[in-house]
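The values are calculated or read from the model by the stated rules, or taken from the named source; none is laboratory data. Since the model is a prediction, treat every value here as computed from it, not as a measurement. A quick note on method: Cβ atoms are made from the backbone with ideal geometry, for glycine too, and the neighbour counts reach across all protein chains shown.
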Amino acid sequence: MLSAWQQKCYDNLLNVRRKAPLVHNITNFVVMNSSANILLSIGAQPVMAHALSEVEDMVKLSSALVINIGTLDETWVSAMIKAGLAANSLGIPIVFDPVGAGATKFRTDKSLEILDLLRISVLRGNASEISAIAGFDGAMGVDSIHNVDNFIDISRDISNKYSCVVGISGERDLISDSRRVARVANGHSIMTRVTGTGCGLSATTGAFIAANEDPFEAVVSAFSYYSLAGELAYKIAQHPGSFESAFIDALEYINIDDFINANIQVEE
Amino acid sequence: MLSAWQQKCYDNLLNVRRKAPLVHNITNFVVMNSSANILLSIGAQPVMAHALSEVEDMVKLSSALVINIGTLDETWVSAMIKAGLAANSLGIPIVFDPVGAGATKFRTDKSLEILDLLRISVLRGNASEISAIAGFDGAMGVDSIHNVDNFIDISRDISNKYSCVVGISGERDLISDSRRVARVANGHSIMTRVTGTGCGLSATTGAFIAANEDPFEAVVSAFSYYSLAGELAYKIAQHPGSFESAFIDALEYINIDDFINANIQVEE
Amino acid sequence: MLSAWQQKCYDNLLNVRRKAPLVHNITNFVVMNSSANILLSIGAQPVMAHALSEVEDMVKLSSALVINIGTLDETWVSAMIKAGLAANSLGIPIVFDPVGAGATKFRTDKSLEILDLLRISVLRGNASEISAIAGFDGAMGVDSIHNVDNFIDISRDISNKYSCVVGISGERDLISDSRRVARVANGHSIMTRVTGTGCGLSATTGAFIAANEDPFEAVVSAFSYYSLAGELAYKIAQHPGSFESAFIDALEYINIDDFINANIQVEE
């Protein structure tokens with residue numbers, strides 16, 4: 001018997017599988033392949049397109065836009081902003097993943113520029129990236145992890161400032177909007193040994209906000225589903241190479257019975 | 001006991017394995033890794049190079065050029081055309097994969113520009129892309145599938161117009177040149193849940209036309225071999241992550257006995 | 001009971017695992033994902049960044065810079081040089097992988113330009129690439145393999161000219177600096193059927209020189225460890241798709257007992 005939130009997560013996953021939303025990704029070179037495979041396993045349709053000549057047309061066909069600055073340069077950021085403005089004018093939700101914000105001034109500046117110019121539905125990052133966006137000097141590596149409990153106020157402030165859901169992934173995940181806070185405590189540390197798992201979560205979040213009504217619930221569901229799949233995969237494969245395949249598999253075969261293990265706490 | 005066409009497919013595969021042709025790919029960021037691995041598993045040698053400063057030199061070393069616009073922009077299309085003109089002047093065959101033609105005007109326009117400026121040996125796409133090139137308004141997602149029987153006339157017209165073999169992949173595949181039509185009915189639907197399987201087929205087709213005399217037979221053989229490997233892989237792995245590894249494996253270990261299952265119908 | 005060199009290799013691996021160095025890669029599109037995964041499996045932290053606006057800031061955070069010209073163009077080479085000059089001024093070691101040098105004039109010229117402008121700690125390539133850098137006309141495919149014994153004088157000359165360690169990978173590997181020569185005879189030929197294994201070795205070498213004192217010993221250790229993991233993986237998986245996963249796994253779980261099989265000969 002699933003709890004209300006467990007059931008909600010599963011229902012939101014079903015909506016993704018039923019609607020098979022087209023998710024437009026302007027993302028980094030490292031994860032293009034894995035993010036596309038993750039979206040396909042979820043039941044969504046990925047498309048990658050970054051040319052200034054077509055991003056507006058491509059976003060029109062899509063149900064969500066995912067922007068990820070992992071290997072940004074000036075031209076790609078221009079494409080992200082052009083696509084994002086088109087998405088905003090069409091009411092298509094945007095997920096923004098500020099990969100490496102705080103690591104270099106360029107990444108922090110461009111992240112803030114994107115947040116200033118675009119209305120973002122979901123900001124998803126690790127604690128280090130989110131704190132850089134909040135203006136704290138947290139320059140550190142790309143994959144650092146903190147205790148998310150220290151980030152409740154920060155993420156609520158960012159939610160208010162940018163009118164977006166903030167999703168911080170880490171050993172435990174923290175999701176907040178202006179009035180609610182959720183903690184998701186699933187997943188496995190091996191996920192940090194495979195590149196692109198964070199970026200894949202951003203892509204997954206794109207699929208979930210595309211297929212579901214409430215962005216906060218969609219993000220909680222995406223995070224919970226994604227980390228549950230990680231736990232299932234770890235039962236199959238305990239080393240990072242085979243884990244990656246097993247994880248893609250689990251995203252596809254995970255089903256209602258598995259959601260009994262979803263560890264979600266929500267404060268409203 | 002193999003049929004004549006089954007034997008032909010296998011013989012054409014053997015030619016790839018024996019000749020190990022160097023295949024120059026100017027392709028998209030999503031599939032560069034998987035297409036390279038697919039070519040290596042087949043027994044071909046992949047090279048990826050897109051700089052305007054070297055594409056002519058690189059194509060000279062190659063036995064086929066594969067052009068794929070999956071993540072095109074203006075600069076990359078210029079490189080494709082420069083490489084293609086060099087290939088044409090040297091008699092090196094070109095496979096063109098118009099990924100997403102019909103989805104945006106930019107992709108349709110650039111596809112037609114490439115077809116106008118270059119002599120293409122093989123045009124490979126899904127039904128949606130091929131119908132966009134034929135001038136039909138079929139704007140849809142990147143991975144849509146149709147009943148290929150509706151495309152016999154269209155693909156023959158395109159074959160005549162551009163003097164190329166047309167290969168449409170889908171649940172069943174259709175290959176045609178100006179006088180022959182082949183249907184290949186192998187493969188498995190899970191192949192649509194792994195990104196880059198279509199692009200990998202274009203790369204495979206490049207290796208087959210490089211190593212074999214008759215382009216039509218080479219394309220039929222490439223499609224048949226590729227989808228047979230998909231069937232073999234599905235026996236090993238029924239979910240998309242592990243399927244991808246199993247598929248790369250099967251491309252390498254598939255052998256003569258497996259071709260008894262090749263379902264090829266040719267009308268001459 | 002391990003020999004002195006076997007123990008040294010293992011100790012150098014332990015240093016990588018303990019220090020988890022951040023390795024900045026400016027590398028090619030084909031291998032960005034696999035190189036990142038390889039670095040994570042080793043226990044290092046990968047970062048990929050190529051924008052002229054940030055490469056200097058990113059290299060400051062890093063313990064090694066890996067430059068790989070596999071899909072070079074003019075802009076990316078500018079970023080490599082800018083990052084490399086910053087690395088030189090900070091004393092951060094650089095590994096340079098001249099992918100495809102000798103195949104096109106552009107690659108040979110750019111390789112020599114990089115070697116002229118930057119102080120490289122390690123030059124890692126196959127025999128064909130190294131001979132192109134030595135000025136021999138060895139234009140050939142990207143993955144050609146020679147008998148490395150023919151390259152002892154060449155690599156020593158290059159070591160002297162550029163004050164770097166030269167690592168030539170092949171069926172047997174040859175590592176030399178101005179006074180020492182090592183031969184590593186491990187690995188398996190299936191590694192040539194997976195794209196990016198050479199590039200992944202360059203990334204691995206970056207992690208090893210970052211975490212260890214003596215560059216020559218670090219390179220010998222990286223090569224030995226990497227090819228031992230290939231042997232372990234081949235026991236698990238004999239085809240290229242599943243081999244790649246098994247190889248990433250083995251890089252992570254390989255341990256002290258496995259180094260008894262390390263076949264290292266050093267002449268001082």
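Just to check your reading of the model, which residue among C:Val55, C:Val66, C:Val30 is within 10 Å of another protein chain (Cβ to nearest Cβ), buried (at least 24 other Cβ atoms within 10 Å of the Cβ) and under 18 Å from C:Ile94 (Cα atoms)?
After applying the criteria, what remains is C:Val55.
If you check C:Ile67, C:Ile26, C:Ile38, C:Ile42, which single one turns out to be modelled with pLDDT of 95 or more and in contact with a Gly (Cβ under 6 Å, 6 or more places away or on another chain)?
One residue alone meets the criteria, C:Ile38.
Go through the stretch B:23-33 and count every residue that is under 15 Å from the mean Cα position of the chain (by Cα) and under 15 Å from C:Gly70 (Cβ atoms). I'd like the intermediate steps shown before the answer.
Going through the stretch B:23-33, the residues under 15 Å from the mean Cα position of the chain (by Cα) turn out to be B:23-28, B:31-32.
Now narrow it down to the ones that are under 15 Å from C:Gly70 (Cβ atoms): B:24-27, B:32.
Within the stretch B:23-33, residues that are under 15 Å from the mean Cα position of the chain (by Cα) and under 15 Å from C:Gly70 (Cβ atoms) number 5.
B:Ala262 - would you say it is farther than 14 Å from B:Met191 by Cβ and under 15 Å from the mean Cα position of the chain (by Cα)? Please lay out each step first, then the result.
Details: farther than 14 Å from B:Met191 by Cβ: yes; under 15 Å from the mean Cα position of the chain (by Cα): no.
Against the criterion (farther than 14 Å from B:Met191 by Cβ and under 15 Å from the mean Cα position of the chain (by Cα)), B:Ala262 does not qualify.
Looking only at the stretch B:227-268, which residues are touching an Asp or Glu at 6+ places or on another chain (Cβ under 9 Å) and under 19 Å from B:Ser202 (Cβ atoms)?
If the condition is that a residue be touching an Asp or Glu at 6+ places or on another chain (Cβ under 9 Å) and under 19 Å from B:Ser202 (Cβ atoms), then B:Ser227, B:Leu228, B:Ala229, B:Ala233, B:Ile248, B:Ala250 are the ones that fit.
Picking from B:Ala36, B:Ala20, B:Ala49, which residue would you name as being buried (at least 22 other Cβ atoms within 10 Å of the Cβ), closer than 29 Å to C:Ser245 by Cα, more than 16 Å from the chain's Cα centre (by Cα) and within 11 Å of chain C (Cβ to nearest Cβ)? Full working, then the answer.
On the way: B:Ala36 fails: more than 16 Å from the chain's Cα centre (by Cα); B:Ala20 fails: buried (at least 22 other Cβ atoms within 10 Å of the Cβ).
None of the other options fit; the residue is B:Ala49.
Considering each residue of the stretch B:238-268, count those that are among the hydroxyl-bearing types (Ser, Thr, Tyr) and either more than 14 Å from chain C (Cβ to nearest Cβ) or in contact (Cβ under 8 Å) with a residue 24 or more places away in the chain (or both), and give that number.
0
Residue by residue, here is whether (1) among the hydroxyl-bearing types (Ser, Thr, Tyr); (2) closer than 27 Å to C:Met48 by Cα holds:
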site	(1), (2)
C:Leu174	no, no
C:Gly196	no, yes
C:Ser202	yes, yes
C:Thr205	yes, yes
C:Ala210	no, yes
C:Phe216	no, yes
C:Lys235	no, no
C:Glu252	no, yes
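Output the number of the condition that A:Ile190 fails; it satisfies all remaining conditions of (1) under 27 Å from C:Met48 (Cβ atoms); (2) in contact with a strand residue (DSSP E or B) (Cβ under 8 Å, 6 or more places away or on another chain); (3) modelled with pLDDT of 90 or more; (4) hydrophobic (A, V, I, L, M, F, W, C).
Checking A:Ile190 against (1) under 27 Å from C:Met48 (Cβ atoms); (2) in contact with a strand residue (DSSP E or B) (Cβ under 8 Å, 6 or more places away or on another chain); (3) modelled with pLDDT of 90 or more; (4) hydrophobic (A, V, I, L, M, F, W, C), the one that fails is (2).
Within the stretch C:204-221, can one find any residue that is surrounded by fewer than 22 Cβ atoms within 10 Å (Cβ to Cβ), aliphatic (A, V, I, L, M) and at pLDDT 95 or above?
The answer is no; no qualifying residue exists.
Which count do you get for residues in the stretch C:236-259 that are in a loop (DSSP other than H, G, I, E, B) and under 20 Å from the mean Cα position of the chain (by Cα)?
Residues flagged as in a loop (DSSP other than H, G, I, E, B) and under 20 Å from the mean Cα position of the chain (by Cα) within the stretch C:236-259 amount to 1.
Would you tally the residues in the stretch C:110-119 being outside any loop (DSSP other than H, G, I, E, B) and touching a strand residue (DSSP E or B) at 6+ places or on another chain (Cβ under 9 Å)? So that I can check it myself, show each step before the final result.
Applying the first criterion (outside any loop (DSSP other than H, G, I, E, B)) to the stretch C:110-119 yields C:110-117.
Then keep just the ones that are touching a strand residue (DSSP E or B) at 6+ places or on another chain (Cβ under 9 Å); that gives C:110-112, C:114-115.
Final tally of qualifying residues: 5.
Please work out if B:Ala87 is of a type in the set (Gly, Ala, Ser) and surrounded by 23 or more Cβ atoms within 10 Å (Cβ to Cβ).
yes
Going through the stretch C:90-100 one residue at a time, which ones are crowded, with 19+ Cβ neighbours inside 10 Å and of a type in the set (A, V, I, L, M, F, W, C)?
C:Ile92, C:Ile94, C:Val95, C:Phe96, C:Val99
Has the stretch A:150-165 got any residue that is within 22 Å of C:His50 (Cα to Cα), at pLDDT 95 or above and surrounded by 24 or more Cβ atoms within 10 Å (Cβ to Cβ)?
Scanning the stretch A:150-165 turns up no residue that is within 22 Å of C:His50 (Cα to Cα), at pLDDT 95 or above and surrounded by 24 or more Cβ atoms within 10 Å (Cβ to Cβ).
Within the stretch C:2-13, is even one residue within 19 Å of A:Glu74 (Cβ to Cβ), crowded, with 24+ Cβ neighbours inside 10 Å and more than 9 Å from chain A (Cβ to nearest Cβ)? Break it down into steps so the answer makes sense when it comes.
First, pick out the residues of the stretch C:2-13 that are within 19 Å of A:Glu74 (Cβ to Cβ): none.
For the stretch C:2-13, residues within 19 Å of A:Glu74 (Cβ to Cβ), crowded, with 24+ Cβ neighbours inside 10 Å and more than 9 Å from chain A (Cβ to nearest Cβ): absent.
Residue under question is B:Ser41, and the condition is that it be more than 27 Å from B:Ile248 (Cβ to Cβ) and within 9 Å of another protein chain (Cβ to nearest Cβ); does it hold?
It is false that B:Ser41 is more than 27 Å from B:Ile248 (Cβ to Cβ) and within 9 Å of another protein chain (Cβ to nearest Cβ).
Do you know which residues across the stretch A:84-138 are more than 13 Å from chain C (Cβ to nearest Cβ), without any contact (Cβ under 8 Å) to a residue 12 or more places away in the chain and either touching a Pro at 6+ places or on another chain (Cβ under 6 Å) or under 21 Å from A:Asp73 (Cβ atoms) (or both)?
Within the stretch A:84-138, just A:Asp116 meets the criteria.
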